[in-house]
Amino acid sequence: MSSTLDGKVVLVTGASSGIGEATALALSAEGAAVATGARRADRLAALAGKAPGEVLALDLDVTDEQSVRAAVAATVDRFGGLDVLVNNAGVMLNGPVAAADTADWRRMVETNLLGSMYAVHAALPHLLERRGAVVQVSSTSGRTATATAGAYAATKFGVNAFSEALRQEVTAQGVRVVLVEPGFVATELVDHIADPGHRALAREMAASMRTLRPEDIANAVVYAVTQPEHVAVNELLIRPTDQT
Ligand code: NDP
């Protein structure tokens, strides 16, 4: 039986947990050959073991430009090209500006913004060759900033700005740029917040609503990348119904 992404090659960054893992599995189920990248090799190996299709696990640190280039090159070497980049790797280290450890800001900028820009730069020649797509996992924080999420929002506003400029540059050449903006998704994202009070607040917020599941976002990615070539799904804002 043929599936919608048969013959397509996808690279998912940050595929070792949460949204990236669910997206890699969903794209594999649609028939794509999937390269997965992250720092936790054990988690990527486990994912490869349960995916229905062929999965390549790659050591990837998106803050290291050479690592990003090597991951794209390894994907193309193994599968012969690249059709879709899912730029998903990210961290959220929230807290108020006045009390911030600026190393957290640097880590968010280097991961969420610069890391995803490196990935676009490395993947673009291949995407242009195949008239492929870039899926940028942004956030509701890419549209609205809230107290204690200033630096995180700055990175996601940056992702949105970069994506729109990129879209204007490559759409005439058939490359589609998809911005996905999730609201609260139940993942490990909040576990990395260093300040215990802010980590507890994030968990309380999650407990107060029916959060999205990573699969809800994976479904949106599948929808966007399985449209006919003349349809560009440019932006998908997906919130839990309970999130105001
Ligand atoms: P998780 O913490 O579950 O996943 C984050 C992923 O990013 C992991 O696979 C992690 O892998 C990877 N990652 C982090 N740093 C790096 C790095 N330097 N190099 C490579 N990979 C890295 O969280 P989510 O699934 O929730 O987050 C995925 C994306 O979704 C992020 O961009 C996040 O901002 C965004 N998002 C999440 C929302 C939510 O409510 N959960 C809402 C809106 C957007 P590893 O540690 O193994 O390297």
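The helices (runs of 4 or more DSSP H) found entirely in region 1-114 include none that carry 2 or more residues being among the aromatic types (Phe, Trp, Tyr). For region 1-21, the set of residues classified as surrounded by fewer than 24 Cβ atoms within 10 Å (Cβ to Cβ), within 16 Å of the ligand (Cβ to nearest atom) and on the phi < 0 side of the Ramachandran plot consists of SER17 only.
For beta carbons closer than 6 Å, sequence separation of 6+ or different chains, a first residue in region 183-203 that is closer than 17 Å to GLY150 by Cβ and a second that is part of a loop (DSSP other than H, G, I, E, B) and polar (S, T, N, Q), the qualifying pairs are ILE193/ASN94; HIS198/ASN94. Within region 171-180, one or more residues are free of Cβ contacts under 8 Å to residues at least 40 places away in the same chain, in a helix (DSSP H, G or I), surrounded by fewer than 20 Cβ atoms within 10 Å (Cβ to Cβ) and more than 11 Å from the ligand (Cβ to nearest atom). Of everything in region 134-189 that is charged (D, E, K, R) and within 13 Å of MET92 (Cα to Cα), the residue that is nearest to the chain's Cα centre (by Cα) is LYS156. Every listed requirement among (1) more than 24 Å from MET117 (Cα to Cα); (2) within 14 Å of the ligand (Cβ to nearest atom); (3) surrounded by 12 or more Cβ atoms within 10 Å (Cβ to Cβ); (4) of a type outside the set (Lys, Arg) is met by SER208 save one, (3).
Residue-wise test of (1) touching a helix residue (DSSP H, G or I) at 6+ places or on another chain (Cβ under 7 Å); (2) in contact (Cβ under 8 Å) with a residue 40 or more places away in the chain; (3) among the charged types (D, E, K, R).
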residue: ASP6; (1), (2), (3): no, no, yes
residue: VAL10; (1), (2), (3): yes, yes, no
residue: ALA15; (1), (2), (3): yes, yes, no
residue: ALA22; (1), (2), (3): yes, yes, no
residue: SER28; (1), (2), (3): no, no, no
residue: GLY31; (1), (2), (3): no, no, no
residue: VAL34; (1), (2), (3): yes, no, no
residue: GLY37; (1), (2), (3): yes, yes, no
residue: ARG40; (1), (2), (3): no, no, yes
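Note on region 30-84: residues that are farther than 30 Å from ARG107 by Cα and among the small types (Gly, Ala, Ser) amount to 8. For region 219-233, the criterion of being more than 16 Å from the chain's Cα centre (by Cα), buried (at least 19 other Cβ atoms within 10 Å of the Cβ), part of a helix (DSSP H, G or I) and in contact (Cβ under 8 Å) with a residue 60 or more places away in the chain is satisfied by no residue at all.
Being under 16 Å from SER116 (Cβ atoms), at pLDDT below 95 and within 16 Å of the ligand (Cβ to nearest atom) holds for only one residue in LEU189, LEU201, and it is LEU189. May I ask you to list the residues in region 139-170 that are in a loop (DSSP other than H, G, I, E, B) and within 29 Å of PRO125 (Cβ to Cβ)? Within region 139-170, SER139 is the sole residue that qualifies.
With respect to the conditions (1) aliphatic (A, V, I, L, M); (2) under 24 Å from VAL175 (Cα atoms); (3) surrounded by fewer than 22 Cβ atoms within 10 Å (Cβ to Cβ), LEU25 falls short on a single one, namely (3). For GLY132, are the conditions met, namely being surrounded by fewer than 17 Cβ atoms within 10 Å (Cβ to Cβ) and away from the ligand (no atom under 16 Å from the Cβ)? No, not satisfied.
The values are calculated or read from the model by the stated rules, or taken from the named source; none is laboratory data. Just so you know, these numbers come straight off a predicted model, no measurement behind them. Because the Cβ atoms are built from the backbone with ideal geometry, glycine has one as well, and the counts that use them run over all protein chains shown.
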